[in-house]
Amino acid sequence: MAKQLRSEEALQSALLRFGDAAFRVCYMHTKKPRDAQELLEDVFMQYLLCTQAFENEEEERLWVLRTAHQSCMDYYASKMRKKLTNAQMQRAGKDLPFVVSDELCAILRLSYPYQTMLALCFGEEDTLRFASRVIGKPAAMLRRRAEKAPALTGLSPEDMREWIQTIVMPDDMRSRVQYTILNQIKDKHFGVNSRAKSFKRGLDRAIPYIALGIIVVCALSVVAVRAGWFGTPYVRTPDVILEENTPASSAPDGASSAESHAATPVPESSADESRAAAVLDVPVFVPSDSGLAQYNYTGLEADASVLVQKMAEKGAFPADVTLDALDYMRNGEVVSALRSGEQLEVRLYFSGALQTHLDGAKSTASLEAVAKTFRAFYEAADMTLAKLEIYSDGRPVVVGGMEINCTSLMYGELPVSDVIDEP
């Protein structure tokens, strides 16, 4: 175990170079110095354990800030967090080396998707492209948030930048973080404790999906027993036209959903206006040797079949893998219209070529790429994808003889190894 640890000097150097930026990210999410310190200890403990060789300081800084951001996301997942009032934030920060003013409180009260972006782009003067690599969201999406934040806080961009840049780590916190980490690695149970913390982080992320999976299995079991589904062949439901006040209708046999606009998320408006404006800034994920590559498309046609085509072009799977149709569901029932802000369930129907491709696959990387792409697709349309099912030739997809829970893959563990902006 000792051979895998970075040196004490490397830890101290990383704290000096990246500590303030990581603290700013952690503090803006937690609003509490004590919680921010605990997150910093976790971030730099992971740094101490990390065996990755960094090509340059920028890649090392990217790793630290990405880990800080993910630790903040785990912080939200570990328990329900209540929003703090101005007085509570100011009371918690009374001993900090900066003033927790009403203006800074207005920034800190913004929802969590804004905080890391503001810490990096306003506090550190980083580019949107760098922030995109840290957060794993398209630069165009972060640009919209950066433009929207001043109106939400009632502050000018310059005032926001000045207040965020006042957030610095207390001098003694740096030494406390280092002391705590070095004491932990001296503990004879350090290896067990570090593995336990890593397991807990993974469990915190997985618990909502485990619970959802149990509910789905129980519900399906009851329905299957009552309806006598065992041995009954799968019957495909009709394609859906996503326009308000338009009834659902079945597409002809062999017809593509792209031809009937069944794959386009359309907000409530007239059909002609919606189709004219149906373009989105969307990331497309593709398996790579070290995880997933993220291709950010600007102004892409809001059609699910186009997403699949782009994935095939980038090598996610063979070109004969196509999306034949999809269904939008709500509470298990097919719906014919969606509104912005809704949670939805999606069932994708791929050609049989997808299962042929998966039969030769050694992992679920292709399915995870599809799941993360469609999750981002509907987020860009201001919808939340709560459940995802993927079928090939009318049957649930299988990898290694096992049916795959595609909903859980939307939050899979494969890292984004590269971010490429596409026109």
**Prompt:** Any residue in the stretch 391-398 that is among the acidic types (Asp, Glu) and modelled with pLDDT of 90 or more?
**Reply:** yes
**Asked** What is the number of the single condition among (1) closer than 18 Å to Leu280 by Cβ; (2) small (Gly, Ala, Ser); (3) in a helix (DSSP H, G or I); (4) free of Cβ contacts under 8 Å to residues at least 24 places away in the same chain that Gly299 does not meet?
**Response** (3)
**Prompt:** Would you call Ala319 more than 23 Å from Leu212 (Cβ to Cβ), out of contact with any Ser or Thr (no Cβ under 6 Å at 6 or more places or on another chain), open to solvent by 40 Å² or more (accessible area, probe 1.4 Å) and part of a loop (DSSP other than H, G, I, E, B)?
**Reply:** yes
**Pair list, Cβ under 6 Å, 6 or more apart: the stretch 47-59 residue surrounded by 13 or more Cβ atoms within 10 Å (Cβ to Cβ), other residue not in a loop (DSSP other than H, G, I, E, B)** = Tyr47/Ala14; Leu48/Leu11; Phe54/Glu60
**Prompt:** Among the residues of the stretch 1-34, how many are open to solvent by 30 Å² or more (accessible area, probe 1.4 Å) and within 25 Å of the chain's Cα centre (by Cα)?
**Reply:** 2
**Prompt:** What number of residues within the stretch 374-419 are open to solvent by less than 50 Å² (accessible area, probe 1.4 Å), in a strand (DSSP E or B) and closer than 16 Å to Pro138 by Cα?
**Reply:** 3
**Request:** May I ask you to list the residues in the stretch 106-139 that are among the small types (Gly, Ala, Ser) and free of Cβ contacts under 8 Å to residues at least 60 places away in the same chain?
**Result:** Ala106, Ser111, Ala131
**Asked** Would it be correct to say that Asp324 is open to solvent by 10 Å² or more (accessible area, probe 1.4 Å), part of a loop (DSSP other than H, G, I, E, B) and touching a residue at least 12 places away in the same chain (Cβ under 8 Å)?
**Response** no
**Prompt:** Any idea which residue in the stretch 1-46 is modelled with the highest pLDDT, counting only those that are touching a Leu at 6+ places or on another chain (Cβ under 7 Å) and more than 30 Å from Lys83 (Cα to Cα)?
**Reply:** Leu11
**Item:** Complete set of residues in the stretch 354-398 that are out of contact with any strand residue (DSSP E or B) (no Cβ under 8 Å at 6 or more places or on another chain) and basic (Lys, Arg)
**Value:** Lys362, Arg395
**Request:** Only residues that are in a helix (DSSP H, G or I), closer than 15 Å to Val321 by Cα and either in contact (Cβ under 8 Å) with a residue 60 or more places away in the chain or open to solvent by less than 30 Å² (accessible area, probe 1.4 Å) (or both): list them for the stretch 349-373, please.
**Result:** Ala353, Leu354, Leu358, Ser366, Leu367, Ala369, Val370
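The values are calculated or read from the model by the stated rules, or taken from the named source; none is laboratory data. Since the model is a prediction, treat every value here as computed from it, not as a measurement. Cβ coordinates were reconstructed from backbone atoms using ideal geometry, including for glycine residues, and neighbour counts include every protein chain displayed. To get the accessible areas, we keep the full protein, side chains included, count just its heavy atoms, and leave off ligands, DNA and RNA. Shrake-Rupley method; radii C 1.70, N 1.55, O 1.52, S 1.80 Å.
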